1. Compute the signed sum of charges (Lys and Arg +1, Asp and Glu -1) over the other residues within less than 14 Å, Cβ to Cβ, of G68.
2. At a threshold of 8 angstrom on Cα-Cα distance, excluding pairs fewer than six apart, so keeping six or more, what relative contact order does region 57-160 reach in percent?
3. By per-residue mean of other Cβ atoms within 10 Å, what is the highest-first order of 111-121, 172-182, 141-151, 263-273?
4. How big is the C-alpha Rg of region 46-212 next to the rule-of-thumb value 2.2 N^0.38 Å, as a ratio?
5. What ³J(HN,Hα) values, in whole Hz, does the Karplus curve 6.51 cos²θ - 1.76 cosθ + 1.60 give for region 249-260 when θ = phi - 60°, with x put for Gly and Pro?
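Only the coordinates and a few stated rules stand behind these numbers; no lab work does. If you're wondering where the values come from, they're calculated on a predicted model, not measured in any experiment. Counting neighbours? That spans all protein chains shown, and the Cβs are built from the backbone with ideal geometry, glycine included.
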Amino acid sequence: MTGKPLWILALPLILAVTSCGPVTYTLPVEKRTESAGNIDFQGTLPGIVTLVQRGDSDSALVSSLAIGMAEQLEADLGLDPGSVPVYSMYAEDVDMSDSTVAEYVHSAVGVEFLIAVDSMSVGEFSVEVPEGKSYSGGTFLRQTVVTLPYSIRIQVFGSSNAKPVEVLRGDDFLQWTLLSEAPLTRLRAIEKVNGELDGSFRSLGSNIAGRFVPQWETVNTTLYVYNDRKWTEACRLAYLFEWDKAMEIWYGEAESPDMRKAACAAYNLSVACEILGLDESAARWKARYEELVKKQ
């Protein structure tokens, strides 16, 4: 688990202390959580292969979806643009259910994780004109809702297993709400949406790729602080997400003969280690904190 600073309000580090004991300081940070899928591409180079039927009119949309996935993975994993390879093959030539074929394709692409978009079909447009109008830009406009259903299957293969480590499948739809002064005909509405299809499937690919990377959630982290220059400086450094520098101060305070102060420093060190993803160290400092508390 790692974290990064959450820049919201610049909270002042002026603490009202009326005694020589510690007070608590609440620090909002973003904490890394597990990806929505069962795998995590962090630290790896994934690749993408699309399997399409010859002459399939949807193949261009599959390609747009794959490009969107690649671009999002590159951004989320800190890779250079164009780093994630994208290949297209004919479905009748490649059977990913055959472990020998899957291993061959995986090896040929040369990546740790291979994402196979091996099935996608797009349905027919439906057009609906809701009752009433929508207020936008200072005026009331007519709405036309266009819906496009699709089904998809994506398999993810790891380098150590011929069978997929994750399979995404399901039926869903894309939807657009068009605003106009006069009602749109079905043909005109579909024409307008058709011009956005590539971008829409590119965005869909981006959303799907988000399942394979860690997510971030805002959490409030509590630290102990004394009315002392070193302690307030450590708290300030933590707020700036300079945890390593803050820890150097707490390391010294953890050796204090004052068990209460040493316990507070141990607690802060456990929090810092947890945020930095140093789980074993976090557990040791937490145990040290609990040990010191019992001795008081």
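1. Local charge sum for G68: -3.
2. 25
3. Per-residue Cβ counts within 10 Å, averaged per peptide and sorted highest first, yield 263-273, 111-121, 141-151, 172-182.
4. Normalised by 2.2 N^0.38 Å, the Cα Rg of region 46-212 equals 1.22.
5. 5, 5, 4, x, 5, 5, 9, 5, x, 7, 4, 5
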